[in-house]
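Visitor: Starting off with a structure, shown below.
What follows draws every value from the coordinates through simple rules; no lab data is involved. All of these numbers come straight from a predicted model, not from anything done at the bench. We place every Cβ from the backbone using ideal geometry, glycine too, and count neighbours over all the protein chains shown.
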C-alpha cells in the first residue's frame, strides 16, 4: 500500500490517511473503533515499547524462577 500510494514510510501514510480517518471517526458509524483509537497505545510510542520490553524480561525471569533453574 505504501508503494502504491507513493509513500516511503509510516509517517507519510499517517499523514496521507489522516483526513479519511478523521472523516470515518466523525461519522459516528464506528463506535468500537472510536473506543479503540481513544484507548490504544501506539507501538512506536517509547513508553509502550519500554513497558512491553520490561514485561517480556520480567516474564522470562519469572519462567526461569518457576522452572527452578
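Visitor: Looking only at segment 1-11, which residues are surrounded by fewer than 12 Cβ atoms within 10 Å (Cβ to Cβ) and part of a helix (DSSP H, G or I)?
Guide: 3, 4, 5, 10, 11, listed by residue number.
Visitor: A further question follows. Taking only segment 12-69 into account, find how many residues are in a loop (DSSP other than H, G, I, E, B) and either farther than 22 Å from residue 2 by Cβ or touching a helix residue (DSSP H, G or I) at 6+ places or on another chain (Cβ under 7 Å) (or both).
Guide: Residues meeting the conditions: 7.
Visitor: Still on this structure, please answer the following. For segment 1-11, which residues satisfy the criterion of being free of Cβ contacts under 8 Å to residues at least 12 places away in the same chain and in contact with a helix residue (DSSP H, G or I) (Cβ under 9 Å, 6 or more places away or on another chain)?
Guide: 2, 5, 6, 7, 8, 9
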